[in-house]
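In what follows, a single structure is set out as structure tokens and then discussed.
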Amino acid sequence: EEILRAYNKVPPLVPTVTQVLVTVFNESFRTQSQKICNVLRENGINAEVTLPEEKIDKQLKYANKKKIPFVLLVGPDEVVSQKVTIKEMKTGNQQTKSIQESIQLIRSYVRT
């Protein structure tokens, strides 16, 4: 680190802010939630997965507390339909979309 500082090569540290919280309906859905989170990350979206032992309402409260703008709900219906329910925390609006449609929506929000 000293050498980097001496040559003014220390990269700036930019804080990362979670843009999406991916919920875990229960332990049996953890793998699916993690896969979705990984797809979001691969698409340049800062995302995190909650702990499965927390109930959905606690997961939503966590998102509010951390000011995370979007929550992706992944439950039995979503897994069967291969979709996610995306909730915009600011407005409370939620809709069921494919993961790619959700990525587009999140990106449009982040750009504004």
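Here are some notes:
- Whole-Hz Karplus values for the range 44-50 come out as x, 9, 6, 9, 9, 10, 7 Hz, taken residue by residue from phi with 6.51 cos²θ - 1.76 cosθ + 1.60 and θ = phi - 60°; glycine and proline positions read x.
- Note, ³J(HN,Hα) from phi for the range 96-101, Karplus 6.51, -1.76, 1.60, rounded to Hz, x at Gly and Pro: 9, 9, 6, 5, 5, 5
- Partner lysines whose Cα lies under 17 Å from the Cα of residue 61, excluding those fewer than 8 positions away in the same chain, are identified as 87, 90.
- Candidates 40, 72, 51, ranked by Gaussian network fluctuation over the chain, Cα under 10 Å, top entry: 51
- Sequence-distant residues sharing a close amide H with residue 19 (under 5 Å, placed H): 46, 47
- 26 Å Cα-Cα threshold exceeded, pairs from 9/67; 9/35; 55/83: 9/67; 9/35
- Overall form of the range 69-112 per C-alpha gyration tensor (a/c, 1.5; a/b vs b/c): oblate
- Ligands, DNA and RNA left out, the 1.4 Å accessible surface of the chain is 51% carbon and sulfur atoms.
- Put a plus charge on the Cβ of each Lys and Arg, a minus charge on the Cβ of each Asp and Glu, and nothing anywhere else: the dipole of the chain about its Cα centre is then about 360 debye.
- With protein chains left intact and a 1.4 Å probe, residues in the chain average 69 Å² of accessible area per residue.
- Across the chain, the convex hull enclosing all Cα atoms gives 133 Å³ per residue.
- Antiparallel %, DSSP beta bridges [both residues in the chain], to 5: 55 percent
The values are calculated or read from the model by the stated rules, or taken from the named source; none is laboratory data. These figures come from a predicted structure and were not determined experimentally. As a convention, Cβ positions derive from the backbone with ideal geometry for all residues, glycine included, and neighbour counts pool all protein chains shown. Surface areas here come from the heavy atoms of the whole protein model, side chains and all, with no ligands, DNA or RNA. Shrake-Rupley method; radii C 1.70, N 1.55, O 1.52, S 1.80 Å.
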